[in-house]
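One structure is given below, encoded as structure tokens.
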Amino acid sequence: MRNLFSPSRAALLLFFLAAALLPLALDPRGHLIRVAAMVLLFAAMAQSWNIVGGLANQISLGHAAFFGLGAYTSTLLFLKLGVTPWIGMGVGAVVAGGAAALLSIPTFRLKGHYFALATLAFAEVMRVIANSLGDVTGGPVGLSIPFMGSQPALFAFRSVASYYWIILGLLVAVCAVFHLLASGAIGYRLRAVRENEAAAEVAGVDTFRVKLTASVISAALTAVCGTVFAQFTFFFDPDSIFSLSGISVRMAMIAIVGGLGTLGGPLVGALFLIPLEEVANAVLSSQAAGLSQFAFGVILIGAILIQPRGLMAYWLRTPWAKTRRAAATGA
Amino acid sequence: MQPLLQADAICVTFGGLKAVDGVSFSLNAGEIVGLIGPNGAGKTTLFNALVGLQPLTSGTVWLDGERVCGLKPHKVARLGMTKTFQNAALFPDMSVKENVTTAALLRHDLKGARAKADTVLRKLDLTPIADADVADLTFPQKALVEMARALATEPRVLLLDEVMAALTPAEMDEVMAVIRALKAEGLAFLVVEHHMRAIMALCDRLLAVNFGRLIADGTPAQVAAHPQVIEAYLGHGAAGKEAAHA
Amino acid sequence: RAADDVLVGVIQPLSGPNAQFGIGAQRGTELAAEIINAAGGIQALGGAKIKLVAADVPTPNTAAAATQRLISQNGVSAVVGAFVSSTTLAASEVTERAQIPLVTFAFADQITGRGYAYVFQVSPKGTAFGAAQFDYATAIAKAAGEKIDKVAILYEDTAYGTAQAKGLREAAKAAGVEVVLDEAYPLGITDVSPLVNKLRASGAQIAFPVSYLNDSLLIIRALRQQNIDIPVIGGAAGYIIPDFKKGLGAYADGVLSVAAASGDMIPDLARTYKDKYGTFITHEAIIHAAALDAVAKAMEKAKSADPQKVRDALATLDYCGGLAAGVPGGCITFDKTGLNTSSFPIMVQWRGDAPVTVYPPKAATEKPVWRGKTVE
Amino acid sequence: MLEIRNLCAAYGGPDVLSSVTLEVKAGETVAVLGANTAGKTTLLRTISGLVARARGSVTFEGTELIGRPAHTIPALGLGHVPEGRHVFPRMTTLDNLKMGAFFHRGAGDIAQRIQRVFALFPRLEERQGQMAGSMSGGEQQMVSIGRALMGNPKLLLLDEPSHGLAPIVVDELHAAIGAINRQGVAVLLVEQNAVLALSVAHRGYVLEAGHVVLSGDAQALSADHGVRRAYLGV
Amino acid sequence: MIQALVDGILLGGVYGVISTGLSLVFGVLGVVNFAHAEFLMLGMYVAWFAWRYLGLDPLLGSALSFVIVFAIGYLVQRTLVQRVLKAPPAAQVFLTVGLMIVIENAALMAFGSDYRSVSVPYQVEGYRLGDIFVGAPYLFAFVAAVVLAGALWLFLERSWSGRAIRAVAQDPMAATLVGVDTRRTYALAFGLGVALTAFGGAVILPYITVSPTVGGQFVVLMFTVVVLGGLGSVAGALAGGIMVGIVQSLSALVFPIQLQNLCLFVIFIAVLALRPQGLIKGA
Ligand SMILES: Nc1ncnc2c1ncn2[C@@H]1O[C@H](COP(=O)(O)OP(=O)(O)OP(=O)(O)O)[C@@H](O)[C@H]1O
Ligand SMILES: Nc1ncnc2c1ncn2[C@@H]1O[C@H](COP(=O)(O)OP(=O)(O)OP(=O)(O)O)[C@@H](O)[C@H]1O
Ligand SMILES: [Mg+2]
Ligand SMILES: [Mg+2]
């Protein structure tokens, strides 16, 4: 019970409180709220990734596959069959979860870099399929969500703030799932698998099932993020939705820069990287071609050189965090 | 009475190498059997084959009348057989108790597993270090935690792979006392160890392997006196004599 | 007191794989702003100067945020740009909802196909370019006395490639010409041998590749290596930029390509551009200059920089000359969907260091050459 | 030959070695005994320059080793057989041996050196083409020792060479260490197996929790009551 | 069919060489270098400038690419990569992602966004052997690639430095104990790895244009090659390269070329499922 008021929880609560109050201070149709929404959305994506990447230490570089599946499923259901994206979102999650389960079969034995590259290839496969099945997916041109004004039942709103609230809700849900997994029985098993798979098996952990569960949940949540992203930006095409650098790597990078496998990592990472990129773009992109990306890369390198274990390492080093950790193991 | 563990002509090959070559033996409840043999004789491989970490090329393994070969390790663990790792393979980012709890989850829910872990840790006198990170442990402590983790799966057969290597004689005695206490509860052990002093003092029976093949099976005294065992493993020097003294 | 500046947003891919086109387009826009400002700015607004606010949008994912920033942080009256279709589509979702006019060169059919009120396309649709690529080439061949009944279409599988290939395919069907090879290939292909093998086996008389630069060089060189003498009719993009010539040298000469515009139609601008940037003016620069010109003209007409009024003025714009002279047809008149109805594709042919307009005759500055023979 | 004075060492946490003073004279075999984590391995690693945080002094034939880059130390005449063998697993036995002469790569007598190692460990000659990683533990131990000998060391540091080896191999090793020492190479031997260590050593030190708690000649140590109980298991 | 096979092998040999460097860096440093393809781009630029201003054929300019990029790689390793060698692998990956962004955009600022291409006489030549047709630039690049791969093999197998690189790759601590300067060797291996790739970039310059983003065209391909061959295996990279070349080439016979990479990646995942360590283990 004393955990309820631990400094880490307090910090988390503070974060969500600040996030909830933020729209009051911003123009509901402006740029800043869009950036804030992007921060939260990318935090949710990174948190979904963190379930596989952080808890199970399966560094996936192909989560864009699930992200895109979510976006395509809900959007196509809506465009072709008129199914509201609220339902499409769920269907997308199921489809992505199924795809993750299918992908687990050939990849579950793979470790480390081999796993990373197999997932990367999977996302590429999805991209090529979306690109070449023009009749179904709209092909390389991509898909547009029709402009319908404000229709909450169809997941369409006029103000960015509405999307912001939805994304905030999504982030809270993803964080809750992450926390439940991390602190529950499966959390123990995932960490065991992460640290030594053979030993975990011998200690009675069904490593395949544990990994499968984690990747299905992670993929499903990622797909939900994909649907929300599609609804929020109204347009996507295969190259951007299945993008290695734009989605897959970014999800992983946020979690890693923030702190792999920690609940706060994706939040901190998104809060650091997304605004940073935005500022670099706003300030530098009219100066010289490439300068803003260059600056972003330099800062990224700097962040990793200074703290390779992620920004959360600073928090974990503070006395408050230490007491919490001791309490957690004692509980 | 049927033996608790029965291995029938098991073989494991790596490419052309026969690491385990037609080994058959049995193990009864409450028995401690030692497995000795030169380096590379196939002892660890045999262990891995028994628990399902290493697929068998041929042969059968029965655990209490059930075929366990071809099952994944976690299934074998559920049926009651597990092993420790030659080079302690703990989960380094977890505390001692978390390591043990993970294994206890095999038969309990989270709450029950925590309680089970406490019991096991108490039994092995590890309660004082329950919250320590395993990365900070000393070698013998690690070996004990390996055993604790294995015990938390509530096995009937426990395979110990050199848990006493690198222990001082005094430390070895402590571990042997624990093993004997567990034997009294009905656990069966298969023990790999190169310390003949420990092996001779602990085991009811010895198996000796060389080049993957079983070369001797009998009481410790019989096996230690077996010419092939002396030739391939014990030698005539000081180390071998140590065995004879024990 | 000088009038306040009017702000116009420019979104272009300034980094990433399309940077070269984005930079060219941005230069065109900048040059246009200089010209308009030098001529006294927006007269109706007391000589207000146009001030450009640029944003780099290397990918569609970055386009929405960048466009939103220009709109709500900088308060631009209109947005010009995004050479790349997908990026433009992403940006148009923001401009439409924010009710800010977006004037573009990107030519995916979908841009004006969604019934959006705030998006304007200065040059024809992608399918129109494909159709023109086919129609013009067969017309030139016919005039040279060659009858075409088998053609090959090779295109990269991007929005641009597929749209234009669709136009080609339909035009061929309409003309009763057999398409013996119709092959999409991945963007960034590093080896075209399978493509060229198929082309050689197909027996096509003309090849219509729609591609960026590297693939176009690969295709033309591979044809040369294998001594395949099939005329290649480029589909804009890679075929009409200075690097095409640098890459192929003498082999560039005589290559035909469809284009949205050409420097020889607006010599003054072309000269200024060349003096300033050292290379001939590309069609994306010309069209984007015209796009900004249209925005300026709309502001004159609306006597306001208010986005809503600018959009209404754009919708009813109908003028010729000025920087719009660079657009084939020389005029800008947007229809209900936002498409400039007075413009049409042209065909250019490499002569020395730059392509010149050779077709259709109403726009041509020189006669086309088919297989070494000047076509009258 | 090797003089260690007031050596302290740490890996970032508290000191693992505190004020260790120890010496090895030319031609001597010196054993270091101690329980787990007493700091035996750390002692050898510090001598070889692998532990960054070391204070005090370690001189080898008058040269101060503390603060020297680790890779320059073997050339002074120190051979180190690390705990856990550390052979190059995907190199042949022969290449592993050759690597031992890396800092003498110009030397013309490499073939002779290899022959000398083969004379000591005939098994290695039989297995010279085999990947070292696929050899048995005892064979790998021989490769590791042979590799250290390739540098013609004057002092050989051996860290638990008998760990995990079959009794018969332990005996062979025992003989080999004696033979190496008789060729004039001084040996600093860290062993869990105190019986073996004291039977080949001239002198010994007992290390506990980073401190030298006892030292003396091998016979005296073997007779010491505490040593007998703790390390000889009697 | 045979034509496609020949095309595939010629192309694959070059894929092999540009990927060998990546494999080497992984094998020795254990770092998956996402920035690797950027060094291909740098190598191409060096060769392009050598052609433009010194009149050197890219096949000769490749030597210059090798040397210059080696120096750059050596420095990058000493100043950046060295610092994360002990960090978690995920941090290493993202350091190199950062490096990739920096190098690509630095090139954009330094060289502009132009597509640069050389013109050499053999660019438009080809040889015919019966029905089989071979483009000269492909053939020359292939030969150069194979020669270099052979030289690399000899270097690693026979020279002291090569042996030291292998030793450090397999056990850095033991390597230190026999007197190998591991830091220098790491830098040497990284420099060599990127230089090999730069060399590969130079020899393909006669048929590939260079621009700041050219690395992006190759990066996924390079990883596919390396993983197929077995990470860290230099010989494997060559085999993996040829396999990728053949798959690409043969798949075009049956499927639309658009699906070339689909075929490749499906085969890739299938191979990994059957052989989780790649086609060839270790080397
Ligand atoms: N994965 C593997 N691939 C190939 N060969 C292997 C593999 N694992 C073990 N071996 C070989 O099988 C043989 C038996 O090895 P094993 O580890 O079982 O020996 P051991 O009896 O446990 O020896 P030790 O006493 O040294 O631990 C050895 O020759 C070893 O090299
Ligand atoms: N690389 C390291 N980083 C941090 N601590 C270390 C490291 N290596 C050893 N230690 C710590 O230093 C202490 C002494 O270890 P050392 O290996 O020197 O003991 P040892 O006497 O050789 O023990 P053993 O008999 O187990 O080999 C231990 O507490 C150990 O945990
Ligand atoms: Mg073993
Ligand atoms: Mg030690």
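The values are calculated or read from the model by the stated rules, or taken from the named source; none is laboratory data. Just so we're clear, the structure is a prediction, and the values are computed from it rather than from any experiment. Note: ideal-geometry Cβ built from the backbone for every residue, glycine included; neighbour counts use all protein chains shown.
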Subject >> Candidates B:176, B:164 - the one that is aliphatic (A, V, I, L, M), in the same structural domain as residue B:234 (by TED's automatic domain parsing) and within 16 Å of ligand 2 (Cβ to nearest atom) >> reply: B:164
Subject >> Hits in region A:188-239 - residues which are touching a residue at least 40 places away in the same chain (Cβ under 8 Å) and basic (Lys, Arg) >> reply: A:191, A:194, A:211
Original post:
Within region B:162-183, how many residues are crowded, with 24+ Cβ neighbours inside 10 Å and touching a Ser or Thr at 6+ places or on another chain (Cβ under 9 Å)?
Top reply: 1
Original post:
Does region D:5-27 hold any residues that are surrounded by fewer than 18 Cβ atoms within 10 Å (Cβ to Cβ) and under 20 Å from residue D:62 (Cβ atoms), and which are they?
Top reply: D:5, D:6, D:21, D:23, D:25, D:26, D:27
Original post:
Which one of these is within 16 Å of ligand 1 (Cβ to nearest atom) and closer than 22 Å to residue E:185 by Cα: D:107, D:132?
Top reply: D:132
Original post:
How many residues are in contact (Cβ under 8 Å) with a residue 24 or more places away in the chain and within 16 Å of ligand 4 (Cβ to nearest atom) if we restrict to region D:48-65?
Top reply: 2
Subject >> So residue B:15, is it out of contact with any Asp or Glu (no Cβ under 9 Å at 6 or more places or on another chain), on the phi > 0 side of the Ramachandran plot and within 15 Å of ligand 1 (Cβ to nearest atom) >> reply: yes
Subject >> From the options B:106, B:79, residue that is buried (at least 19 other Cβ atoms within 10 Å of the Cβ), aliphatic (A, V, I, L, M) and under 28 Å from residue B:27 (Cα atoms) >> reply: B:106
Subject >> When residues of region A:224-252 are limited to those that are surrounded by fewer than 24 Cβ atoms within 10 Å (Cβ to Cβ) and not in a helix (DSSP H, G or I), the one farthest from the other protein chains (Cβ to nearest Cβ) >> reply: A:243
Subject >> When residues of region B:192-208 are limited to those that are touching a helix residue (DSSP H, G or I) at 6+ places or on another chain (Cβ under 7 Å) and away from chain D (no Cβ under 11 Å), the one nearest to ligand 1 (Cβ to nearest atom) >> reply: B:206
Original post:
When you go through (1) touching an Asp or Glu at 6+ places or on another chain (Cβ under 6 Å); (2) in a loop (DSSP other than H, G, I, E, B) one by one for residue A:57, which number turns out not to apply?
Top reply: (1)
Original post:
Here are some residues: C:52, C:102, C:31. Which one is within 12 Å of chain A (Cβ to nearest Cβ) and modelled with pLDDT of 90 or more?
Top reply: C:52
**OP:** Quick one: count up the residues across region C:182-220 that are in contact with a Gly (Cβ under 8 Å, 6 or more places away or on another chain), facing chain E (nearest Cβ under 9 Å) and either closer than 11 Å to residue C:239 by Cα or outside any loop (DSSP other than H, G, I, E, B) (or both).
**Re:** 6
**OP:** Give D:85, D:45, D:123, D:113 a once-over and let me know the one that is assigned to a helix (DSSP H, G or I) and either within 16 Å of ligand 4 (Cβ to nearest atom) or touching a His at 6+ places or on another chain (Cβ under 6 Å) (or both).
**Re:** D:45
Original post:
Quick one: how many residues across region C:2-22 are surrounded by fewer than 23 Cβ atoms within 10 Å (Cβ to Cβ) and either part of a helix (DSSP H, G or I) or at positive phi (or both)?
Top reply: 0
Subject >> Unique match (being over 11 Å from the mean Cα position of the chain (by Cα) and within 14 Å of chain C (Cβ to nearest Cβ)) among A:56, A:71 >> reply: A:71
**OP:** Give just the number: which of (1) within 14 Å of chain A (Cβ to nearest Cβ); (2) free of Cβ contacts under 8 Å to residues at least 60 places away in the same chain does residue E:163 not satisfy?
**Re:** (1)
**OP:** For residue A:109, indicate whether it is under 27 Å from residue E:227 (Cβ atoms), without any contact (Cβ under 8 Å) to a residue 24 or more places away in the chain and of a type outside the set (A, V, I, L, M).
**Re:** yes
Subject >> Within region B:34-46, tally of residues that are closer than 29 Å to residue A:206 by Cβ and more than 8 Å from ligand 1 (Cβ to nearest atom) >> reply: 1
Subject >> region D:129-169 - residue that is more than 9 Å from chain B (Cβ to nearest Cβ) and charged (D, E, K, R) and, of those, nearest to ligand 2 (Cβ to nearest atom) >> reply: D:159
Subject >> Complete set of residues in region E:254-272 that are more than 9 Å from chain A (Cβ to nearest Cβ) and more than 18 Å from residue A:119 (Cα to Cα) >> reply: E:254, E:255, E:257
Original post:
Would you call residue D:27 part of a strand (DSSP E or B) and either more than 16 Å from ligand 3 (Cβ to nearest atom) or not assigned by TED's automatic domain parsing to the domain that holds residue D:214 (or both)?
Top reply: no
Original post:
Given E:107, E:91, which one is crowded, with 19+ Cβ neighbours inside 10 Å, under 18 Å from residue E:205 (Cβ atoms), facing another protein chain (nearest Cβ under 9 Å) and touching a Pro at 6+ places or on another chain (Cβ under 8 Å)?
Top reply: E:107
Subject >> Matching entry among A:130, A:123, A:198, A:101 (being hydrophobic (A, V, I, L, M, F, W, C), surrounded by 18 or more Cβ atoms within 10 Å (Cβ to Cβ), out of contact with any strand residue (DSSP E or B) (no Cβ under 9 Å at 6 or more places or on another chain) and closer than 30 Å to residue E:26 by Cα) >> reply: A:123
**OP:** Give the residues of region B:46-67 that are surrounded by fewer than 21 Cβ atoms within 10 Å (Cβ to Cβ) and either within 14 Å of chain D (Cβ to nearest Cβ) or away from ligand 3 (no atom under 16 Å from the Cβ) (or both), sorted by residue number.
**Re:** B:55, B:56, B:57, B:58, B:59, B:60, B:62, B:64, B:65, B:66, B:67
Original post:
For the subset of region B:143-165 comprising residues that are away from ligand 1 (no atom under 16 Å from the Cβ) and β-branched (Val, Ile, Thr), which member is nearest to the other protein chains (Cβ to nearest Cβ)?
Top reply: B:153
Original post:
Is it true that some residue in region D:152-161 is under 26 Å from residue B:201 (Cβ atoms), within 16 Å of the chain's Cα centre (by Cα) and not in a helix (DSSP H, G or I)?
Top reply: yes
**OP:** List the strands (runs of 3 or more DSSP E) that sit entirely inside region C:239-350 and contain at least 2 residues that are crowded, with 24+ Cβ neighbours inside 10 Å.
**Re:** C:256-259
